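Q: Here you go, one structure.
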Amino acid sequence: MTRFLTRRTVLAAGGAALALPALHARAQATREFRLGLITPPAHTWNQQLTAFGAALNTASGGRFTVTLFPSGQLGNEAAMLQQLQTGALDMSLMTTSEISNRVDAFGALHAPFIVPNIEAAVAMLRNPIALGLLNGLPQAIGCVGIRYGMVGMRQIITREQTTTLADLRGKKVRITPAAPTRDFFTMIGMAPTPLPLPQIFEALSNGQIDGVDLDFESIINNRFQELCRTMLLTNHFAFPAAGLVSARVWATLAPADRELIRGTMTEALDALCNSMPEREARQGATLRASNMQVRPVGPEFFGDAVAQFDRQWGPRAPALAQLRAAYPRG
Ligand code: BEZ
């Protein structure tokens with residue numbers, strides 16, 4: 001029975017899930033999974049992943065625990081990805097930035113203005129076009145891609161007042177290290193400066209960078225609205241994350257245990273995505289009430305950069321054209 005237990009059975013029937021441990025305890029010993037992430041303990045991701053750990057513990061009858069290593073304790077996302085590849089790290093939720101550095105196809109999810117709003121971003125990450133990209137990850141990067149999570153839509157905050165595109169030209173903008181992101185900011189005439197999340201505060205405080213590509217939650221958590229004069233409310237990127245399990249670790253797990261992990265992690269990441277529209281509305285209101293000037297601008301603000309991006313990345317990321325067609329702008 002355990003070998004052929006389906007995901008639906010595990011998730012839907014508490015009874016079936018509870019029946020599993022007794023049968024499995026003989027085959028699969030207790031195990032602690034180490035899960036690394038770049039975000040700090042108060043972040044939404046960490047809360048959802050704590051819930052994932054609790055759900056997996058219950059579903060496995062106490063055999064499995066998940067220990068979080070937050071705030072980039074294990075290194076930045078590139079370092080964590082390497083650890084996943086060797087099996088030194090079991091799991092992670094990380095932005096798809098580092099994946100897009102290694103797998104061009106993921107450039108589609110990082111295309112500027114690929115969706116018009118947060119609701120469409122959530123829908124896009126459940127679209128078979130986007131989900132299909134996860135299937136190639138075991139071979140491409142040695143990780144099993146379980147499901148997408150996300151960060152809120154990206155905005156541009158600047159230390160000085162910004163009114164036109166000319167105000168951005170030549171300025172240093174912090175980006176999450178990702179080739180498509182770098183290319184877009186280069187195309188709009190800025191100097192992209194890759195920095196992991198925990199290093200932004202110092203760089204912005206000491207003037208090493210002029211602006212930041214970031215989401216509402218990270219702006220508020222770090223009180224960047226007190227350091228910046230303008231937020232260009234662009235919603236220019238949907239910012240996906242992927243729940244990953246080391247393929248080496250995955251290979252050691254019994255099929256039914258893989259399904260427990262897949263089911264509980266999927267549930268947690270779906271809950272994360274479902275919560276995003278309401279969070280964005282609340283956090284957007286907080287920022288509009290701050291002293292930072294909030295300027296809504298659309299793709300036209302960036303001239304022909306979006307078309308340039310598509311010319312460069314379209315051939316490398318075939319899903320880009322498909323997603324543009326699926327989520328047209330109003
Ligand atoms: C960032 O690199 O900007 C980022 C990463 C994870 C969560 C939020 C933001």
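The values are calculated or read from the model by the stated rules, or taken from the named source; none is laboratory data. These numbers were taken from a predicted model, which means no experiment stands behind them. Glycine gets a Cβ as well: all are built from the backbone with ideal geometry, and neighbour counts include every protein chain shown. To get the accessible areas, we keep the full protein, side chains included, count just its heavy atoms, and leave off ligands, DNA and RNA. Shrake-Rupley method; radii C 1.70, N 1.55, O 1.52, S 1.80 Å.
Q: Please give the number of the condition residue 211 fails out of (1) within 19 Å of the chain's Cα centre (by Cα); (2) within 15 Å of the ligand (Cβ to nearest atom).
A: So the condition that residue 211 fails would be (1).
Q: What are the residues in the range 51-69 that are surrounded by fewer than 19 Cβ atoms within 10 Å (Cβ to Cβ) and within 16 Å of the ligand (Cβ to nearest atom), if any? Before you say what the answer is, go through the steps one by one.
A: First pass over the range 51-69, keeping only residues surrounded by fewer than 19 Cβ atoms within 10 Å (Cβ to Cβ): 51, 54, 57-58, 61-63, 65, 67, 69.
Selection gives 69 alone.
Q: Still on this structure, please answer the following. So, in the range 214-236, exactly how many residues are within 15 Å of the ligand (Cβ to nearest atom) and part of a helix (DSSP H, G or I)?
A: Count: 7.
Q: Another question about this same structure. Would you call residue 73 part of a loop (DSSP other than H, G, I, E, B) and of a type outside the set (Phe, Trp, Tyr)? Spell out the reasoning first.
A: Numbers: part of a loop (DSSP other than H, G, I, E, B): yes; of a type outside the set (Phe, Trp, Tyr): yes.
Judged against the criteria, residue 73 is a match.
Q: Quick one: which of 239, 302 is out of contact with any Phe, Trp or Tyr (no Cβ under 8 Å at 6 or more places or on another chain), open to solvent by less than 10 Å² (accessible area, probe 1.4 Å) and within 16 Å of the ligand (Cβ to nearest atom)? So that I can check it myself, show each step before the final result.
A: Values: 302 fails: within 16 Å of the ligand (Cβ to nearest atom).
From the options 239, 302, the qualifying one is 239.
Q: Filter the range 276-287 down to the residues that are loosely packed, with under 15 Cβ neighbours inside 10 Å and of a type in the set (S, T, N, Q) and list them by number.
A: The answer is 286, and nothing else.
Q: Looking for something among the acidic types (Asp, Glu) and under 18 Å from residue 173 (Cβ atoms) - is there at least one such residue anywhere in the range 212-223? Show your work before the answer.
A: If we filter the range 212-223 for residues that are among the acidic types (Asp, Glu), which is where we start, we get 213, 215, 217.
So of that shortlist, the ones also under 18 Å from residue 173 (Cβ atoms) come out as 213, 215.
There is at least one residue in the range 212-223 that is among the acidic types (Asp, Glu) and under 18 Å from residue 173 (Cβ atoms).
Q: Looking only at the range 21-69, which residues are part of a helix (DSSP H, G or I), modelled with pLDDT under 95 and in contact with a Lys or Arg (Cβ under 9 Å, 6 or more places away or on another chain)?
A: Listed by number, the residues that qualify are 21, 24, 25.
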